[in-house]
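Report on the following structure.
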Amino acid sequence: MQLLDGTACSQQIRQEIALEVEAIVAAGKRPPHLAAVLVGDDGASQNYVGMKVRDCEEVGFGSTTVRMKASTTEAELLAKIDELNSNDAIDGFIVQLPLPSQINENNVILAIDPKKDVDGFCPENVGNLSLGLPTFVSATPNGIMELLRRYEIETEGKHCVVLGRSNIVGTPIAVLMSRNTNPGNATVTVAHSRTTNLKALCASADILIVAIGRTEFVTADMVKDGAVVIDVGQTRVPDNTRKSGFRNVGDVDFEQVKDKCSYITFVTGGVGPMTRASLLQNTLKAYQRR
Ligand code: GUN
């Protein structure tokens with residue numbers, strides 16, 4: 001079994017981006033600038049946004065965190081998005097999800113200028129992705145593809161099972177894995193909560209991408225010998241033995257599954273850092289396009 005090291009890979013990507021930023025600044029231009037909107041005080045979201053801002057600092061990007069209270073109305077958030085859309089100093093921005101229940105996520109996504117939508121969530125960017133046109137590929141699927149690319153994992157002709165059909169991960173990764181690209185060219189099955197015979201289906205996968213949001217859902221009997229397993233899940237569960245009071249648990253039972261795999265990601269240092277590195281790549285792209 002080889003661990004797919006997202007920490008090391010993302011470090012490499014950040015170094016590549018930092019070099020590009022150095023060249024931009026040396027040419028007398030301003031560096032790229034990312035803004036992140038954080039609504040409410042969800043601990044995990046605060047942590048993610050904090051890490052995204054630190055990543056910006058590391059590569060030399062400018063960054064702005066827009067904090068809004070949990071009681072923010074949809075109209076207030078939409079007004080803030082308008083402001084960010086027209087702010088020339090900001091190349092790209094994200095609105096961290098999930099949002100408080102009084103706000104409709106789709107309305108928010110629809111309000112973001114596609115040219116600044118570095119999450120790749122809005123219809124124009126999702127449409128371009130399905131058509132194979134230049135776009136912002138959303139960060140998690142892009143991070144997974146980058147991990148497969150950098151480890152030179154063979155995907156052509158392989159059976160890839162994607163567990164989960166979310167707009168953010170399952171659906172776009174299924175599109176990317178089936179495209180005529182490398183990595184890609186896989187035969188993809190999208191499985192979800194209503195799929196029958198799920199265990200057997202997963203056990204037939206050469207590549208299993210798990211984004212179902214259920215802790216330790218994938219057990220050893222669901223994994224074929226020699227499979228590549230990518231665990232996107234990351235759920236905080238209470239843990240009194242930790243200073244933080246919680247630990248992150250993936251969608252894959254890593255201890256049970258690891259010895260069956262050719263390659264596997266771990267819940268920490270796997271897909272998460274790759275997702276953040278992809279956001280930096282998209283922000284640089286947004287900057288270069290302007
Ligand atoms: N919440 C979980 N993942 C993401 C992501 O990639 N982008 C945003 N904006 N929110 C998220």
(request) Would you check if there is a residue in segment 249-257 being part of a loop (DSSP other than H, G, I, E, B), modelled with pLDDT of 95 or more and either within 16 Å of the ligand (Cβ to nearest atom) or closer than 25 Å to E154 by Cβ (or both)? (result) yes
(request) Those residues that are closer than 16 Å to Q46 by Cβ and surrounded by fewer than 13 Cβ atoms within 10 Å (Cβ to Cβ), I need them from segment 68-84; list them, please. (result) K69, A70
(message) Under 9 Å between Cβ atoms, which residue pairs at least 6 apart in sequence (or on different chains) link something in segment 195-216 that is over 30 Å from P98 (Cα atoms) with a partner that is part of a loop (DSSP other than H, G, I, E, B) and hydrophobic (A, V, I, L, M, F, W, C)?
(response) A203/V223; A205/V223; D206/A186
(request) Please enumerate the residues belonging to segment 90-110 that are under 19 Å from N125 (Cα atoms) and either surrounded by fewer than 16 Cβ atoms within 10 Å (Cβ to Cβ) or within 14 Å of the ligand (Cβ to nearest atom) (or both). (result) G92, F93, I94, V95, Q96, L97, E105, N106, N107, V108, I109, L110
(request) Output the qualifying pairs, or none if there are none: Cβ atoms under 7 angstrom, residues six or more apart or on different chains, first residue in segment 33-49 and free of Cβ contacts under 8 Å to residues at least 24 places away in the same chain, second residue within 10 Å of the ligand (Cβ to nearest atom) and in a strand (DSSP E or B). (result) Q46/L38
(request) State all residues of segment 14-44 that are within 16 Å of the ligand (Cβ to nearest atom) and out of contact with any Cys (no Cβ under 7 Å at 6 or more places or on another chain); if no residue qualifies, say none. (result) A35, A36, V37, L38, V39, G40, D41, D42, G43, A44
(request) For segment 38-47, enumerate the residues that are aliphatic (A, V, I, L, M) and either crowded, with 22+ Cβ neighbours inside 10 Å or within 15 Å of S244 (Cα to Cα) (or both). (result) V39, A44
(message) Scan segment 232-243 and tell me whether some residue there is more than 20 Å from the chain's Cα centre (by Cα), loosely packed, with under 14 Cβ neighbours inside 10 Å and either within 14 Å of the ligand (Cβ to nearest atom) or in contact (Cβ under 8 Å) with a residue 24 or more places away in the chain (or both).
(response) no
(request) Just one of (1) among the charged types (D, E, K, R); (2) under 18 Å from the mean Cα position of the chain (by Cα); (3) surrounded by fewer than 20 Cβ atoms within 10 Å (Cβ to Cβ) trips up E146, so point out which. (result) (3)
(message) If the requirement is being assigned to a loop (DSSP other than H, G, I, E, B), among the acidic types (D, E) and touching a residue at least 24 places away in the same chain (Cβ under 8 Å), which of these qualifies: E146, E156?
(response) E156
(request) Filter segment 135-167 down to the residues that are of a type in the set (A, V, I, L, M, F, W, C) and closer than 20 Å to I13 by Cβ, then identify the one that is farthest from the ligand (Cβ to nearest atom). (result) I153
(request) Could you check segment 40-113 for helices (runs of 4 or more DSSP H) lying wholly inside it with 3 or more residues that are touching a Pro at 6+ places or on another chain (Cβ under 9 Å) and under 29 Å from I24 (Cα atoms)? (result) 43-59
(request) Go through segment 111-134 and give me each residue that's of a type outside the set (S, T, Y) and either away from the ligand (no atom under 14 Å from the Cβ) or surrounded by fewer than 13 Cβ atoms within 10 Å (Cβ to Cβ) (or both). (result) D113, P114, K115, P123, E124, G127, N128, L129, L131, G132, L133, P134
(message) Criterion first (crowded, with 16+ Cβ neighbours inside 10 Å and more than 10 Å from the ligand (Cβ to nearest atom)) does N87 satisfy it?
(response) no
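The values are calculated or read from the model by the stated rules, or taken from the named source; none is laboratory data. The model shown is predicted, which means the values in this text are computed figures rather than measured ones. FYI the Cβ positions are ideal-geometry reconstructions off the backbone, even for glycines, and counts take in every protein chain you see.
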